[in-house]
Structures are given as C-alpha cells and as structure tokens.
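As structure tokens, the structure follows; a few thoughts come after it.
No value in this document is a laboratory result; all are computed from the given coordinates. The model shown is predicted, which means the values in this text are computed figures rather than measured ones. All Cβ positions, even for glycine, are placed from backbone atoms using ideal geometry, and neighbour counts span all protein chains on display.
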Amino acid sequence: MSVESKPAADASIGELMGQLSAQTSRLVRDEMRLAQKELQQSVKHAGVGAGLISAAGLLAVIGLMTLVAAAVAALALVLPVWAAAVIVAVVLFIGAGIAALFSRKQAEEITPPVAESAESVKADIKELKEARQ
C-alpha cells in the first residue's frame, strides 16, 4: 500500500510528514504557475499599451510635420493648398487621440499579479509552520 492511499488514521507520523511535504510542494508549484500566468497577462497588456502609445506619438509627430507644411504652404502661396494640409493634420491628430485613448484603456488593465500570488504563498507557508507547532 502506498503512502498516498492510506487513510490519515492509519498513517504513521513519518508518512503524514511525507504527505505534507508532497502536498506543500504541489501547492507551491501551483501558486508559481498561477503567478506566471498572471504576469504573462500583465505583460501582454503592457505591450499592447506601449505599442498604442508609440502609434499615438508617431501620429502626433506626423500631424505636427503636416501642420508645419501647411503653414509653409499658406505663407508661400496664400492659396487653398494650405487648407488641404490643415485638414490632413487634423485627421492625423484625431487618429493620435483615438490611439491614446485605447492605450490608456490598456494601461488601466495592468495589474500587479506577483504581489497577490506572493502573499498567498506566504500565507500558506505561515499556516503550515503554525500547524507543525
């Protein structure tokens, strides 16, 4: 008969300690897997947010360049060409604003998963120590 299959009433202290050790190891491994999955989700949200904020910055720079081109065109020609450049700049700034809003939404979804899991592991270890005494 294996150590795992004996009822607790029939098991010796050594067998019970072996079961405790095995269960503790399994618990810690499961907690570590959970922490890893939580961290992966947070990193994913951070990556998407960083990509979108980069897109917002790029669109803002292109918008600024277009606005400068519009000012140059307006001063040099005093023709409707500058109006077209202003319209393009406004559209680019709207795109930058939309990307920034999505980036903000992604950044709000970032959670510190490691702290929760670490506290859970610490609580489990504390309970085990208290149970041994």
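Projected label points at Met17 and Lys122, each 7 Å from Cα along the beta carbon direction, are separated by 2.8 nanometres. Taking the charge dipole of the stretch 13-132 about its Cα centre, with +1 at Lys and Arg Cβ atoms and -1 at Asp and Glu Cβ atoms, the residue from Leu20, Leu52, Ala85 reaching farthest to the positive side is Ala85. Each Cα pair under 8 Å and six or more residues apart adds its sequence gap; the mean of these over the residue count of the stretch 13-132 is a relative contact order of 37 percent.
Pairs Lys105/Lys129; Lys37/Lys105; Lys105/Lys126: which are spaced more than 32 Å apart, C-alpha to C-alpha?
Values: Lys105/Lys129 42 Å; Lys37/Lys105 21 Å; Lys105/Lys126 37 Å.
Beyond 32 Å between Cα atoms: Lys105/Lys129; Lys105/Lys126.
Extending 7 Å from the Cα toward the beta-carbon at both Ala46 and Thr111 defines two label points whose distance is 1.6 nm. For the stretch 13-132, the Cβ-based charge dipole about the Cα centre amounts to some 200 debye (Lys, Arg positive; Asp, Glu negative; other atoms uncharged).
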